[in-house]
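Q: Submitted below is the structure of interest, expressed as structure tokens.
The values are calculated or read from the model by the stated rules, or taken from the named source; none is laboratory data. Everything numeric in this text was worked out from a predicted model, so none of it was measured. Glycine gets a Cβ as well: all are built from the backbone with ideal geometry, and neighbour counts include every protein chain shown.
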Amino acid sequence: MNILIIDDQTLLRTGMRLFLKTLSSEYRLFEAGNLETAATILKSAPEIDLVISEIKIEGAISPVIVEMLKSAKPDVSILFYSGLAERLYALPMLRAGADGFIMKHAKTRDLARAISIVASGGKYLSVELQASLLPKVDTGHQLDELESLDTLSDRERTIMSQVAQGKTTKEIAYLLNLKCNTISTYKKRIYKKMNVADKFELSQKAAIF
């Protein structure tokens, strides 16, 4: 199988390459540190079956990444990986056109399974996420909740995740290198989009996803 790894952090890209080599010696691996290089590789190496990419590359977020990759090779399968909250990012990534999402700390067997499923034309979400979603998406109200999540920007999802973890506005501002007033503005937007009154309701709703 021919796999293109995309990550703008050399250390993480190298780590993924070494990790993939432990899965199979038959994988032929390509690497790119930015989207321009990735697009060039896809156009010059049409035999690539699968792209494994971080969800953020040099400031670009996954919908932009998907669009650029599909423009270069429309039939390529895309598996995103990230250390960010799976419950907040996985479904939006698939709706953007990706074929799977896996956490960076996933077990080797889970990554192998994700690669196999996505490379075969399937869609991959972790068993844990599927189990948490299936009982919750069988009513119109719960489908509305999923649609509300889709309206959040990448930055808003990040802040929502931090709020759900119990971090204060000051702590989030420090982590994201933003002003407290900016974080407060983001939180107000998130509360409105998710139809909640405070951080406690937001945390409960975040737990659904």
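Q: Only residues in the range 190-202 that are touching a residue at least 24 places away in the same chain (Cβ under 8 Å) count as the first member; pair them with residues that are among the aromatic types (Phe, Trp, Tyr) and surrounded by 13 or more Cβ atoms within 10 Å (Cβ to Cβ), Cβ under 8 angstrom, at least 6 apart or cross-chain, and list the lot.
A: Cβ pairs passing all conditions: Leu202/Tyr191.
Q: Any idea which of (1) surrounded by fewer than 17 Cβ atoms within 10 Å (Cβ to Cβ); (2) touching a helix residue (DSSP H, G or I) at 6+ places or on another chain (Cβ under 9 Å); (3) at pLDDT below 85 is the one Gln130 doesn't satisfy?
A: The number of the failed condition is (2).
Q: Name the single residue that is surrounded by the fewest Cβ atoms within 10 Å (Cβ to Cβ) among those in the range 30-61 being among the hydroxyl-bearing types (Ser, Thr, Tyr) and farther than 11 Å from Ile6 by Cβ.
A: Per the stated criteria, the residue is Ser44.
Q: If I filter the range 93-108 down to residues being part of a helix (DSSP H, G or I) and aliphatic (A, V, I, L, M), which single residue comes out as modelled with the lowest pLDDT?
A: For the range 93-108, the residue satisfying everything is Met93.
Q: In the same structural domain as Lys123 (by TED's automatic domain parsing) and closer than 28 Å to Ile190 by Cβ: is that true of Phe80 in this structure?
A: Yes, satisfied.
Q: If I ask for residues that are buried (at least 22 other Cβ atoms within 10 Å of the Cβ) and assigned to a helix (DSSP H, G or I), which ones from the range 70-92 would you list?
A: Within the range 70-92, Tyr89, Ala90, Pro92 meet the criteria.
Q: Follow-up. Listed residues Ile41, Ile57, Ile61; which is among the β-branched types (Val, Ile, Thr), in contact with a Ser or Thr (Cβ under 9 Å, 6 or more places away or on another chain) and in the same structural domain as Ala119 (by TED's automatic domain parsing)?
A: Ile61
Q: I've got another one for you. From the set of residues in the range 164-186 that are surrounded by 14 or more Cβ atoms within 10 Å (Cβ to Cβ) and outside any helix (DSSP H, G or I), which is modelled with the highest pLDDT?
A: That would be Leu178.
Q: Of the conditions (1) buried (at least 16 other Cβ atoms within 10 Å of the Cβ); (2) within 26 Å of Arg157 (Cβ to Cβ), Lys104 fails just one. Which one is it?
A: (1)
Q: Give me the pairs: first residue in the range 3-27 and in a helix (DSSP H, G or I), second residue loosely packed, with under 13 Cβ neighbours inside 10 Å, beta-carbon distance under 8 Å, and six or more apart or on different chains, which are they?
A: Listed by first residue and then by second, the contacts come to Phe19/Thr108; Thr22/Thr108; Leu23/Thr108.
Q: Could you list, in sequence order, all residues of the range 38-63 that are modelled with pLDDT under 85 and either on the phi > 0 side of the Ramachandran plot or not in a loop (DSSP other than H, G, I, E, B) (or both)?
A: Answer for the range 38-63, where residues must be modelled with pLDDT under 85 and either on the phi > 0 side of the Ramachandran plot or not in a loop (DSSP other than H, G, I, E, B) (or both): Lys56, Ile57, Glu58, Gly59, Ala60, Ile61, Ser62, Pro63.
Q: I would also like to ask the following. So is Glu67 at pLDDT below 90 and part of a loop (DSSP other than H, G, I, E, B) or not?
A: The answer is no for Glu67.
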